[in-house]
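Below is one structure; the comments refer to it alone.
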Amino acid sequence: MADIQIYNTLSRKKELFKPLKAGEVSMYHCGPTVYDYAHIGNLRSYVFADILRRTFEYNFYKVNQVINITDVGHLVSDSDEGEDKMTKALKRENKTLSLESMRDIGTFYFGKFVDDLKQLNIKQPNIFPRATDHVADSIEVIQVLEKKAYAYVTSDGVYFDTSKFPAYGKLGNIPIENQKEGTRVSINKEKRNPSDFALWKFDAKLGWQSPWGNGFPGWHIECSAMSRKYLGQPFDIHTGGIDHIPVHHNNEIAQSECAYGTLLANYWMHNAFITMNNGKMAKSAGGFITLEALTEESISPLGYRYWLLTAHYRSPVNFSFEAVRGAQNALIRLMTTVSSYPEGGSPIQAYIERFGAYINDDLDMPQAVALAWELIKDSSSSDADKRATLVQFDRVFGLKLDSVPRPPAEHIPAEIQVLAEAREEARKEKDWEKADALRMEIESRGFTINDTPDGIVVKEI
Ligand code: AMP
Ligand code: ZN
């Protein structure tokens, strides 16, 4: 098996990946809080996870992959104050405050999330465990922590005593002073240390029974409980966005390592943020862009995926419609070129070797994409061999380069082509409402779309 180097946030350097079990890799990706649609910044985390998975599969590893679904307990801020995000969603959507309606909201946005992953051609993980299905597992971890005197009870919940874990903050080398409360939130006087965090929050009216009283598991505990349940402890790789390093991931580490006395994960990998106007992409800042909003701007999910591949996962990138549209045009050129090449060739070894070296060097996708273009321009290779090579690259890119049956007709603008393809996808998924909306959109731009036995035909009106 080829060597794979990955950047480990824990050691702050690139390391040779050594699996716990030969030929296998276990990975856990912090999943979405399903209180709203995912924005395209969130989705970068899962495109990154997918590229990581595909890179291991390309290297003949068997992958065991978990993406959790947070449908309870994630407060609006990283401190333990404020509202739970799911409760906030119930209020926003005028639903009754009950565990059932909370579960329903979670199910709705979970479905939308899975839809987004499909559109981005992200492979499904082995399991999407939901926090609400694992409350008993979370309680079990808290009980172990309590038995070992890492947990204490206050009037509003059960807390983890960070002073008992000397390595607290080791991920990203976060100074403990940075974890202090008081700047943004009120100080909880019952906490022994400012960096202590909730394992369980009491709620007399809503919630689950526990040995300490009715309430909710804290947000961090679910990841400790579910990763251990499905992957064991330690497992190989834990990922998430960089915002999770200081609090969420250090808290996961503290809980799991104190409860069970071994590392939680051997490697920690984090993707940088997508920014907008060089600021945070967040609903409150008005920069909440969903995949659907991209489609409305004639940008297909695969166009967005291609744009992500042109930046390294550890580089922050600033989103603009123009930039992603430019990437989409490049993708259309790439697809058109591949589909114009004949089948029946063989992968070109020199290119395959270079491709392997790039992806195995901490997922250097920008270099790998540049290599695809270099190959297209290489006049010393046959078109059939180029096609076979690019199709092999696409096992990692996941851009569906080999599933373009026809090049787009010359006189049909790229954005109409993209809309027509999105409509085809919607029809395949039997999402008639979306298919009709896309047809109307195509017509409003001066084109007709007809289904014929040979496929769809798009014409100018
Ligand atoms: P959440 O639903 O808030 O738990 O976030 C889901 C994932 O998206 C986490 O891994 C976050 O770190 C990640 N994330 C949130 N915002 C961004 C962003 N603007 N760019 C990249 N990743 C993000
Ligand atoms: Zn997590």
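The values are calculated or read from the model by the stated rules, or taken from the named source; none is laboratory data. Remember, predicted model here, so these are calculated numbers, not experimental data. Here the Cβ is made from the backbone with ideal geometry for all residues, glycine too, and neighbour counts use every protein chain on show. We work out accessible area using only protein heavy atoms, side chains counted, and drop any ligands, DNA or RNA first. Shrake-Rupley method; radii C 1.70, N 1.55, O 1.52, S 1.80 Å.
Data for the structure
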quantity: Accessible area (Å², 1.4 Å probe, nearest 10) - Ser298; calculated: 10 Å²
quantity: Charged-residue dipole, Cβ positions (Lys, Arg, Asp, Glu), the chain about Cα centre, Debye nearest 20; calculated: 840 debye
quantity: Neighbour net charge for Asn214 - beta-carbon separation under 15 angstrom, K R +1, D E -1; calculated: -1
quantity: Label-to-label distance, nm, for residues given as Ala22 and Asn329 (7 Å Cα→Cβ offset); calculated: 5.2 nm
quantity: The stretch 93-137: radius of gyration over Cα atoms, expressed as a fraction of 2.2 N^0.38 Å; calculated: 1.38
quantity: Dipole axis of the chain (+1 Lys, Arg; -1 Asp, Glu on Cβ), positive-most option in Met86, Met276, Phe288; calculated: Met86
quantity: Sorted peptide list for 91-103, 268-280, 48-60, criterion being average Cβ within 10 angstrom, highest first; calculated: 48-60, 268-280, 91-103
quantity: Solvent accessible area, Å² - Trp212, 1.4 Å probe, full protein context; calculated: 40 Å²
quantity: Cα point-scatterer Debye curve for the chain, base-10 log of I(q)/I(0) at q = 0.10, 0.12 Å⁻¹; calculated: -0.79, -1.08
quantity: Relative packing of peptides 194-203, 349-358 - highest average C-beta neighbours within 10 Å first; calculated: 194-203, 349-358
quantity: Along principal axes, Cα extents of the stretch 96-240, largest first, whole Å; calculated: 46, 39, 33
quantity: Net charge of Cβ neighbours under 14 Å - reference Tyr7; Lys, Arg +1; Asp, Glu -1; calculated: 0
quantity: With 10 Å bins from 0: P(r) over the stretch 74-159, alpha-carbon pairs, percent; calculated: 13, 32, 36, 16, 3
quantity: The stretch 296-384 - percent relative contact order, Cα under 8 Å, separation 6 or more; calculated: 35 percent
quantity: Efficiency of FRET between Val144 and Ile176 - r from beta-carbon atoms, R0 30 angstrom, step 0.05; calculated: 0.80
quantity: Equivalent ellipsoid semi-axes, the stretch 1-135, via Cα gyration tensor eigenvalues times 5, rooted, Å; calculated: 33, 16, 13
quantity: Cross-link partners of Lys428 among lysines (Cα-Cα below 27 Å; sequence separation of 8 or more within a chain); calculated: Lys112, Lys118, Lys123, Lys400, Lys459
quantity: The chain, relative contact order [Cα under 8 Å, separation at least 6], %; calculated: 16 percent
quantity: Mean separation of Cα contacts under 8 Å, 6 or more apart, over the residue count of the stretch 236-314: relative contact order %; calculated: 29 percent
quantity: Acute angle (nearest 10 degrees) that the helix 432-444 long axis makes with the longest principal axis of the chain, alpha-carbon atoms; calculated: 50 degrees
quantity: FRET efficiency estimate (nearest 0.05) - Cβ-Cβ, Thr107 to Thr154, R0 51 angstrom; calculated: 0.95
quantity: Cα-based helix-to-principal-axis angle, 250-260 vs the chain, degrees rounded to 10; calculated: 60 degrees
quantity: Cα centroid of the stretch 270-332 to Cα centroid of the stretch 28-56, whole Å; calculated: 14 Å
quantity: Under 16 Å from the Cα of Lys377 - aspartates and glutamates, other chains or at least 8 residues apart; calculated: Asp385
quantity: Compactness of the stretch 320-404 - radius of gyration and Dmax, Cα, Å; calculated: 12.7, 39
quantity: Spatially proximal aspartates and glutamates relative to Lys62 (Cα-Cα < 12 Å; intrachain offsets below 8 disregarded); calculated: Glu24
quantity: Local electrostatic count at Tyr341 - Lys and Arg +1, Asp and Glu -1, tallied over other residues with Cβ under 11 Å; calculated: -2
